[in-house]
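The values are calculated or read from the model by the stated rules, or taken from the named source; none is laboratory data. Computed from a predicted model, the values in this text were never measured in an experiment. Every residue, glycine among them, receives a Cβ derived from its backbone with ideal geometry; neighbour counts consider all protein chains shown.
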Amino acid sequence: MKNLNIALAILLGLSAFSAQASVANAEKLATIYTAVAKSKNANFAPSVADGKTFFTQKVKAANGKETACASCHTANPADSGKNIVTGKKIPPLSPMVNNKRFSDYDKVEGQFTKHCNDILGVDCSAADKANYITYLLTEKTPTTTATKK
Ligand code: HEC
């Protein structure tokens, strides 16, 4: 993805990722993915609703199992998830509640590529990633045990 690399070179030149600034980093990543998506579709604008749909939609995998991002990360990205394969706990994905998220660009891209291929069978588009991060940034309230069903 040539455009993305150019956008990133510019971004990284401007400011290095800092581990504590996860929200700012997530916003920056969303801006970059939006710019890349716009270069393909001038009308693109990131959508919280599309990001949520993307996150919760179940896709049938090659093994016939239906999986969504939410299968491991739960329907609320402000909650801790659980890996459906290994049973291991996964800290919340939302940078609003987990300041370790989106601190390492290479890790984020690596996870996106891996999970999108695992779940969807293809890598996610820049538009998917822009929508998804935009959505994550709106999820700041963990489900309390009182409201959990
Ligand atoms: C089989 C379980 C599973 C599924 C399904 C899954 N993930 Fe993950 N995800 C993980 C694990 C495990 C990690 C790594 C542990 C961690 O970072 O807490 C992770 C981490 C991530 C990260 C890294 C965030 C960061 O700060 O580095 C992103 C982004 C992510 N997942 C996106 C997705 C997306 C998008 C989908 C759906 C297409 C998805 N995941 C589906 C288990 C899963």
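Quick notes on this one:
- One residue alone among ALA45, ALA75, ALA61, ALA49 is away from the ligand (no atom under 11 Å from the Cβ), more than 15 Å from the chain's Cα centre (by Cα) and among the hydrophobic types (A, V, I, L, M, F, W, C), and that residue is ALA45.
- Elements of type helices (runs of 4 or more DSSP H) in the range 29-134, at least 1 residues being modelled with pLDDT under 90 and surrounded by fewer than 17 Cβ atoms within 10 Å (Cβ to Cβ): 105-120
- Among the residues of the range 81-104, those identified as more than 9 Å from the ligand (Cβ to nearest atom) and of a type in the set (Gly, Ala, Ser) are GLY87, SER94.
- Qualifying residue in the range 120-128 (condition: within 9 Å of the ligand (Cβ to nearest atom), in contact (Cβ under 8 Å) with a residue 24 or more places away in the chain, within 20 Å of LEU29 (Cβ to Cβ) and acidic (Asp, Glu)): yes
- Filtered by the rule that a residue be under 26 Å from SER39 (Cα atoms) and of a type in the set (A, V, I, L, M, F, W, C), the range 68-118 gives PHE102, VAL108, PHE112, CYS116.
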